[in-house]
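Below is one structure, written out as structure tokens; comments come after it.
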Amino acid sequence: MTHEVIIAGFGGQGVMLIGELLAYAGMLEGKNVSWMPSYGPEMRGGTANCSVVVSDREVGSPVVAEPTGIIAMNGPSLDKFEGSVRPGGLIVVNLSLIPRKVKREDVKVLEVPANETAVELGDSRVANMVALGAFLGATRCVSKASVLEALRHMIPGHRQDLIPLNEKALNRGIEMALACGTAVAQKGERI
């Protein structure tokens with residue numbers, strides 16, 4: 001199976017981290033991966049997106065023109081990438097920052113209040129992990145265990161204490177996906 005994903009938002013939302021975690025987790029699972037970042041000229045607050053391919057087959061190109069899924073962390077990202085998703089694909093919408101509904105009727109939509117959920121968990125910075133958890137719960141692109149292992153490798157030693165909070169955020173996103181019925185996994189199944 002091949003997942004071609006675009007993760008998009010503004011700088012500072014952890015968009016690139018989501019992409020790196022998906023790619024690293026895919027490598028840990030022995031899959032073929034690519035990760036290609038794209039930044040706007042601004043340091044923070046500008047546009048940011050990345051393309052990730054996770055596949056059981058060789059990856060021919062890191063360019064993702066027609067993704068099987070997108071994670072849209074803000075309104076401009078949904079506006080830009082909604083039309084490119086393949087029919088039957090998945091759009092994860094950060095409902096906290098995107099007030100409009102997805103216009104397409106030929107895709108699955110998973111609306112997640114990522115920012116509000118992150119604040120409930122105690123740190124607004126884990127909104128990206130809530131969105132990633134929702135994506136994982138809906139697609140099973142990679143396992144949560146692999147994402148957590150990737151996180152352990154990627155974050156510096158003095159920040160390892162943040163892993164439990166990130167795991168809670170991933171779990172909450174997975175729960176949201178399972179609850180809404182967009183998920184591939186059955187309730188109780190390991191993700």
Answer with one residue from 19, 142, 107: the one whose Cα lies farthest towards the positive end of the charge dipole of the chain, charges on Cβ with Lys, Arg +1 and Asp, Glu -1. 107
May I ask you to list the GluC sites (Glu not before Pro) in the range 89-191 that are in a DSSP loop and have at most 13 other Cβ atoms within 10 Å of their Cβ? 105, 189
Going through the range 40-124, which trypsin sites (Lys or Arg not before Pro) have at most 12 other Cβ atoms within 10 Å and a DSSP loop state? 44, 57, 100, 101, 103
Candidate aspartates and glutamates for bridging to residue 101, where Cα separation is under 13 Å - those fewer than 8 sequence places away on the same chain excluded: 79, 82, 111
Ratio to report: Rg/Rh of the range 50-110, with Cα atoms as the point set and Rh obtained by the Kirkwood method; give two decimals. 0.99
Accessible surface of the chain [probe 1.4 Å, protein heavy atoms]: carbon and sulfur percent: 52 percent
Net charge within 15 Å of residue 50 by Cβ-Cβ distance, Lys/Arg positive one each and Asp/Glu negative one each, not counting residue 50 itself? -1
Go through the range 12-21 residue by residue and turn each phi into a ³J(HN,Hα) via Karplus (6.51, -1.76, 1.60, θ = phi - 60°); whole Hz please, and just put x for glycine and proline. x, 8, x, 4, 5, 4, 4, x, 4, 5
Just reorder 1, 27 by solvent-accessible area, largest first, 1.4 Å probe, all chains present. 1, 27
Rounded to the nearest 5, what is the percent of antiparallel bridges among the DSSP beta bridges in the range 44-156? 0 percent
Need one number: % antiparallel among DSSP beta bridges in the chain, to the nearest 5. 55 percent
Geometric extent, Cα atoms of the range 137-185 - Rg, Dmax (angstrom): 12.2, 38
log₁₀ of I(q)/I(0) at q = 0.23, 0.25 Å⁻¹ - the range 1-62, Debye sum with one point per alpha carbon: -0.83, -0.92
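Using the Kirkwood radius built from alpha carbon pairs, what does the Stokes-Einstein equation give as D for the range 63-156 at 10 °C and 1.306 mPa s, in µm² per second?
Translational D for this selection: 114 µm²/s.
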What are the principal axis extents of the Cα atoms in the range 105-189, in Å, biggest first? 44, 25, 23
Do the sum for the chain: with -39,500 (n - 2.57) for every DSSP H run of n ≥ 4, divided by all residues, what is the mean residue ellipticity at 222 nm, to the nearest 500 deg cm²/dmol? -11500 deg cm²/dmol
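Ratio of the chain's C-alpha Rg to 2.2 N^0.38 Å, to two decimals?
0.93
The values are calculated or read from the model by the stated rules, or taken from the named source; none is laboratory data. Keep in mind that what you see is a predicted model, and the values were worked out from it rather than measured. Quick reminder, even Gly has a Cβ in these numbers, built from the backbone with ideal geometry, and neighbours come from all protein chains shown. Side chains are part of the model used for accessible areas, which takes the heavy atoms of the whole protein and leaves out ligands, DNA and RNA. Shrake-Rupley method; radii C 1.70, N 1.55, O 1.52, S 1.80 Å.
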